[in-house]
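Beneath this line is the structure, given in structure tokens, with notes to follow.
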Amino acid sequence: MLLTGSAVVAVAQDTVLILPFENRSQQGEYNWIRESFGILIVDVLNVPGIKVITTDERNLAFDKLKLSPNDILTRAAMIRVAEVAQANIALIGEFDVGGEKGNVTVAISARLIETREGRLVGNKVFNYSGPISDLQKMQGQLAWNILYLRNPSLPYTSDQLVRKATSIPPLAYQSLVKAIQTGDPKIREGYLKRGIQEFEDSGEAGHFGKAIFELAMLNYQQRNFAESIKLFKQLSVDDTHYSEGLFYLGLAGYKAGDFVESAAAFNRLAESTQLFEVYNNAGVAMIAGGNKADSLSMLRKAVANSPNDATYRFNYGYALWLNQNNEEAIQHFRTVLRSNPRDGEAH
């Protein structure tokens with residue numbers, strides 16, 4: 001029995017790539033700001049009609065071009081990265097840091113570039129400046145300007161996006177950004193735990209969902225499935241990564257041998273997403289947990305919506321066989337063998 005796929009992202013009207021901003025100040029201690037735009041705006045612009053490419057997705061484009069996010073790129077190279085990432089819009093910019101400790105200011109300049117034409121969108125340059133403690137506020141304003149420039153009819157106000165951008169206390173936000181930028185798992189874990197603690201210490205209501213998700217994923221990648229399950233279960237429906245968290249909760253539960261937890265996660269996800277691979281995974285987890293009867297309805301949905309997928313066919317045939325529906329099971333195994341005559345399990 002096979003689990004399939006990965007978390008799926010819906011197609012959007014505009015796909016925006018946010019490139020690292022250039023640090024004009026040359027003060028290395030503020031290099032964390034370079035990546036902060038993409039990390040924050042990807043969540044703030046989580047609205048219908050716009051998809052912001054995540055940092056991980058963007059880095060794959062850099063890898064394909066044998067470039068590094070730390071490189072200072074020409075306009076042509078920026079556009080090439082956006083093309084490889086399949087973005088029709090690229091956000092580029094720079095920032096300068098001034099003032100003295102305790103009174104640090106930041107000045108930001110940003111532009112939107114049409115990938116295909118290589119030109120400035122709307123002939124606009126977005127400029128912001130203020131104390132560094134207002135960085136998230138400025139990034140929220142930038143996010144709204146992007147949204148408004150691309151589709152002014154969308155029912156969102158600048159205040160709404162700024163509130164969303166500033167919902168995380170500045171210290172916790174800085175820890176998150178620094179965590180995401182580091183490639184060292186131990187350092188990343190330390191920053192994430194610090195950010196979660198800083199959020200709690202601030203007295204803000206709720207929890208730091210983004211940091212919890214990142215810490216859960218770090219544990220999942222290190223095969224610490226028990227800890228990742230605990231963290232994924234802390235996410236709520238209002239968190240940006242709630243659906244993705246449910247998907248990985250299902251995978252973590254399955255790999256940890258907690259098939260009831262796995263099936264429950266995939267089942268909840270199936271209620272809202274209606275993705276074929278989720279139906280398949282829910283059915284597989286149900287079988288592993290001994291729930292043979294309910295697995296049939298989930299696996300039937302996967303096959304009905306994607307009849308040419310051999311994995312779905314095999315799993316459904318296996319569930320039918322377990323439920324002693326042998327004649328129908330044979331039909332599905334024969335379909336699998338027509339596509340792969342050497343499939344020993346299907347034989």
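The values are calculated or read from the model by the stated rules, or taken from the named source; none is laboratory data. Because the structure is a prediction, the values reported are computed rather than measured. Using ideal geometry, Cβ is built from the backbone for each residue, glycine included, and neighbour counts are taken over all protein chains shown. Areas reflect the complete protein model, heavy atoms only, side chains present, ligands, DNA and RNA absent. Shrake-Rupley method; radii C 1.70, N 1.55, O 1.52, S 1.80 Å.
Exactly one condition in (1) of a type outside the set (S, T, N, Q); (2) in a helix (DSSP H, G or I); (3) open to solvent by 60 Å² or more (accessible area, probe 1.4 Å) is not met by Gly253; state its number.
That leaves (3) as the condition not met.
Would you confirm, using the coordinates I've provided, whether Tyr318 is touching a residue at least 24 places away in the same chain (Cβ under 8 Å) and over 29 Å from the mean Cα position of the chain (by Cα)? Spell out how you get there, then give the answer.
Details: touching a residue at least 24 places away in the same chain (Cβ under 8 Å): yes; over 29 Å from the mean Cα position of the chain (by Cα): yes.
When the stated conditions are applied, Tyr318 passes them.
Can you find, within segment 98-122, the residue that is farthest from the chain's Cα centre (by Cα) among those that are modelled with pLDDT under 95, open to solvent by less than 40 Å² (accessible area, probe 1.4 Å) and small (Gly, Ala, Ser)?
Checked segment 98-122; the qualifying residue farthest from the chain's Cα centre (by Cα) is Gly98.
Could you please find all residues in segment 246-263 being farther than 14 Å from Tyr220 by Cβ, touching a residue at least 12 places away in the same chain (Cβ under 8 Å) and either among the small types (Gly, Ala, Ser) or touching an Asp or Glu at 6+ places or on another chain (Cβ under 9 Å) (or both)? Before the answer, list the steps.
Taking segment 246-263 as the starting set, the residues that turn out to be farther than 14 Å from Tyr220 by Cβ are 257, 259-260, 263.
From what's left, touching a residue at least 12 places away in the same chain (Cβ under 8 Å): 259-260, 263.
Passing the criteria: only Ala263.
Please report, ordered by residue number, the helices (runs of 4 or more DSSP H) entirely within segment 123-185 with at least 3 residues that are surrounded by 16 or more Cβ atoms within 10 Å (Cβ to Cβ) and touching a strand residue (DSSP E or B) at 6+ places or on another chain (Cβ under 6 Å). Lay out the reasoning, then the answer.
On the way: elements: 135-150, 158-165, 170-181.
It comes to 135-150.
What tally of residues in segment 230-275 results from selecting those that are over 16 Å from Leu215 (Cβ atoms) and of a type in the set (Asp, Glu)?
Adding up the residues that qualify gives 4.
Scanning for something touching a strand residue (DSSP E or B) at 6+ places or on another chain (Cβ under 8 Å) and over 21 Å from Glu29 (Cβ atoms), does segment 93-111 turn up at least one residue? Even if it seems obvious, please write down each step before you answer.
Step one: filter segment 93-111 for residues touching a strand residue (DSSP E or B) at 6+ places or on another chain (Cβ under 8 Å), giving 93-99, 103-111.
Restricting the remaining residues to those that are over 21 Å from Glu29 (Cβ atoms) gives 110-111.
Within segment 93-111 (the criterion being touching a strand residue (DSSP E or B) at 6+ places or on another chain (Cβ under 8 Å) and over 21 Å from Glu29 (Cβ atoms)), the answer is yes, since at least one residue qualifies.
Would you confirm, using the coordinates I've provided, whether Leu135 is at pLDDT 95 or above, under 21 Å from Ser25 (Cα atoms) and in contact with a Pro (Cβ under 8 Å, 6 or more places away or on another chain)? Working first, answer last.
Values: at pLDDT 95 or above: yes; under 21 Å from Ser25 (Cα atoms): yes; in contact with a Pro (Cβ under 8 Å, 6 or more places away or on another chain): yes.
Yes: the conditions hold for Leu135.
Listed here are the residues, each with its yes/no results for (1) of a type outside the set (A, V, I, L, M); (2) open to solvent by less than 40 Å² (accessible area, probe 1.4 Å).
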position: Asn224; (1), (2): yes, no
position: Asp238; (1), (2): yes, no
position: Leu269; (1), (2): no, yes
position: Glu277; (1), (2): yes, yes
position: Asn280; (1), (2): yes, yes
position: Leu299; (1), (2): no, yes
position: Arg313; (1), (2): yes, no
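Restricting to segment 337-347, name every residue that is without any contact (Cβ under 8 Å) to a residue 12 or more places away in the chain, assigned to a helix (DSSP H, G or I) and either open to solvent by less than 90 Å² (accessible area, probe 1.4 Å) or within 23 Å of Asn281 (Cβ to Cβ) (or both).
Within segment 337-347, just Leu337 meets the criteria.
Every residue in segment 327-336 that is surrounded by 11 or more Cβ atoms within 10 Å (Cβ to Cβ) and either assigned to a loop (DSSP other than H, G, I, E, B) or over 36 Å from the mean Cα position of the chain (by Cα) (or both), please. Reasoning before the result, please.
To start, the set of residues in segment 327-336 that are surrounded by 11 or more Cβ atoms within 10 Å (Cβ to Cβ) comprises 328-336.
Passing the criteria: Glu328, Ala329, Ile330, Gln331, Arg334.
Which of the residues that make up segment 56-81 are assigned to a helix (DSSP H, G or I) and either open to solvent by less than 30 Å² (accessible area, probe 1.4 Å) or among the hydrophobic types (A, V, I, L, M, F, W, C) (or both)?
Filtering segment 56-81 down to residues assigned to a helix (DSSP H, G or I) leaves 56-64, 75-81.
Within segment 56-81, Arg58, Leu60, Ala61, Phe62, Ala76, Ala77, Met78, Ile79, Val81 qualify.
Mind telling me which of the residues Glu204, Glu227 ends up being more than 15 Å from the chain's Cα centre (by Cα) and in a helix (DSSP H, G or I)?
Values: Glu204 fails: in a helix (DSSP H, G or I).
The unique qualifying residue is Glu227.
Could you grab me the full set of residues in segment 207-222 that are outside any helix (DSSP H, G or I), open to solvent by 30 Å² or more (accessible area, probe 1.4 Å) and of a type outside the set (S, T, N, Q)?
The initial filter retains those residues of segment 207-222 that are outside any helix (DSSP H, G or I), namely 207-208, 222.
Checking which are open to solvent by 30 Å² or more (accessible area, probe 1.4 Å) leaves us with 207, 222.
Selection gives His207 alone.
How many residues, within segment 82-97, are outside any strand (DSSP E or B) and either more than 26 Å from Trp144 (Cα to Cα) or open to solvent by less than 30 Å² (accessible area, probe 1.4 Å) (or both)?
Pass one, segment 82-97, residues outside any strand (DSSP E or B): 82-88.
Now drop any that are not either more than 26 Å from Trp144 (Cα to Cα) or open to solvent by less than 30 Å² (accessible area, probe 1.4 Å) (or both), which leaves 82, 85, 87.
Within segment 82-97, residues that are outside any strand (DSSP E or B) and either more than 26 Å from Trp144 (Cα to Cα) or open to solvent by less than 30 Å² (accessible area, probe 1.4 Å) (or both) number 3.
Of the residues Val284, Val260, which is among the hydrophobic types (A, V, I, L, M, F, W, C), on the phi < 0 side of the Ramachandran plot, open to solvent by less than 20 Å² (accessible area, probe 1.4 Å) and in a helix (DSSP H, G or I)?
Details: Val260 fails: open to solvent by less than 20 Å² (accessible area, probe 1.4 Å).
From the options Val284, Val260, the qualifying one is Val284.
Kindly establish whether Tyr312 is within 23 Å of Leu269 (Cα to Cα) and in contact with a His (Cβ under 6 Å, 6 or more places away or on another chain). Please lay out each step first, then the result.
Numbers: within 23 Å of Leu269 (Cα to Cα): yes; in contact with a His (Cβ under 6 Å, 6 or more places away or on another chain): no.
Considered against the rule, which asks whether it is within 23 Å of Leu269 (Cα to Cα) and in contact with a His (Cβ under 6 Å, 6 or more places away or on another chain), Tyr312 comes out as no.
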